[in-house]
Amino acid sequence: MADTASNETPNGTGTGPGTGGTTDEKPNATQALKDNVIKFANDAGEKAKGYAEDGKSRAGTALDELARMLQDAAGTVDEKVGEQYGQYARSAADAVANFSGTLKEKQVDDIIDDAREFVKKSPAVAIGTAAAIGFVLARLVKAGLDGQADKTSDKPSNDTKA
């Protein structure tokens with residue numbers, strides 16, 4: 001009988017397909033990696049939704065406060081400028097309050113879907129709005145940084161010069 005080539009090692013374990021060698025371990029390791037990536041993505045998605053819910057709640061509270069401020073200012077506007085302009089302030093307060101209520105009632109996924117639809121229908125308005133928001137945020141950050149620089153420069157010096 002002719003001796004055929006074998007994949008068996010001296011201890012009787014093979015390294016060929018189906019013998020429990022490294023070729024069977026690769027699919028298991030790959031699947032484990034895929035499972036870990038999917039779990040990580042799901043966890044990240046859940047955290048992002050949690051942050052979005054928190055942001056939605058804070059935005060609703062801030063909008064309610066803005067509506068109250070506009071409503072309070074309407075009386076002052078009546079006295080100083082006229083009732084017609086005070087009515088504009090009241091209308092703005094009502095619009096902000098309605099938007100706040102709508103925001104609080106919607107789920108985060110619904111808000112995202114609405115935003116997507118808005119961008120599809122009016123891309124120019126969406127780009128302009130994003131640019132305006134970016135400008136305002138940049139100004140707020142710059143003002144905050146300038147305020148920090150002013151605070152540090154206002155501190156009295158420890159130098160004791162005569």
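The values are calculated or read from the model by the stated rules, or taken from the named source; none is laboratory data. This structure is a prediction, so every number in the text was calculated from the model and none was measured. Cβ: placed from backbone, ideal geometry, glycine included. Neighbour counts: every protein chain shown. Please note that ligands, DNA and RNA were not included when accessible areas were found on the heavy atoms of the full protein model with its side chains. Shrake-Rupley method; radii C 1.70, N 1.55, O 1.52, S 1.80 Å.
What single numbered condition from (1) of a type in the set (Lys, Arg); (2) in contact with a Gly (Cβ under 7 Å, 6 or more places away or on another chain); (3) modelled with pLDDT of 90 or more fails to hold for residue 39?
If we test residue 39 against (1) of a type in the set (Lys, Arg); (2) in contact with a Gly (Cβ under 7 Å, 6 or more places away or on another chain); (3) modelled with pLDDT of 90 or more, just (2) comes out false.
Of the residues 130, 62, 67, 115, only one is out of contact with any Phe, Trp or Tyr (no Cβ under 8 Å at 6 or more places or on another chain) and farther than 27 Å from residue 45 by Cβ; which? Before you say what the answer is, go through the steps one by one.
On the way: 130 fails: farther than 27 Å from residue 45 by Cβ; 62 fails: farther than 27 Å from residue 45 by Cβ; 115 fails: farther than 27 Å from residue 45 by Cβ.
67 is the lone residue from the list that is out of contact with any Phe, Trp or Tyr (no Cβ under 8 Å at 6 or more places or on another chain) and farther than 27 Å from residue 45 by Cβ.
Counting only residues that are within 14 Å of residue 56 (Cβ to Cβ) and surrounded by 12 or more Cβ atoms within 10 Å (Cβ to Cβ), how many does the range 77-111 have? Even if it seems obvious, please write down each step before you answer.
At the first step, the residues of the range 77-111 found to be within 14 Å of residue 56 (Cβ to Cβ) are 99-111.
Next, from what is left, pick out any that are surrounded by 12 or more Cβ atoms within 10 Å (Cβ to Cβ): 99-104, 106-108, 111.
Going through the range 77-111 one residue at a time, the tally reaches 10.
When residue 70 is evaluated against the numbered criteria (1) over 16 Å from the mean Cα position of the chain (by Cα); (2) open to solvent by 70 Å² or more (accessible area, probe 1.4 Å), which criterion, by number, is the only one it fails?
Unmet for residue 70, out of (1) over 16 Å from the mean Cα position of the chain (by Cα); (2) open to solvent by 70 Å² or more (accessible area, probe 1.4 Å): (2).
For residues that are of a type in the set (A, V, I, L, M) and more than 37 Å from the chain's Cα centre (by Cα), tally how many sit in the range 75-97. Working first, answer last.
Of the residues in the range 75-97, the ones of a type in the set (A, V, I, L, M) are 77, 81, 89, 92-93, 95-97.
Going one step further and asking which of them are more than 37 Å from the chain's Cα centre (by Cα), we end up with 81.
Going through the range 75-97 one residue at a time, the tally reaches 1.
Keeping to the range 95-145, report how many residues are touching a helix residue (DSSP H, G or I) at 6+ places or on another chain (Cβ under 8 Å), basic (Lys, Arg) and in a helix (DSSP H, G or I).
1
Taking the conditions exactly as written (open to solvent by 90 Å² or more (accessible area, probe 1.4 Å), at pLDDT 85 or above, of a type in the set (S, T, N, Q) and over 20 Å from the mean Cα position of the chain (by Cα)), does residue 7 satisfy them or not? Steps first, please.
Working: open to solvent by 90 Å² or more (accessible area, probe 1.4 Å): yes; at pLDDT 85 or above: no; of a type in the set (S, T, N, Q): yes; over 20 Å from the mean Cα position of the chain (by Cα): yes.
Criteria not met by residue 7.
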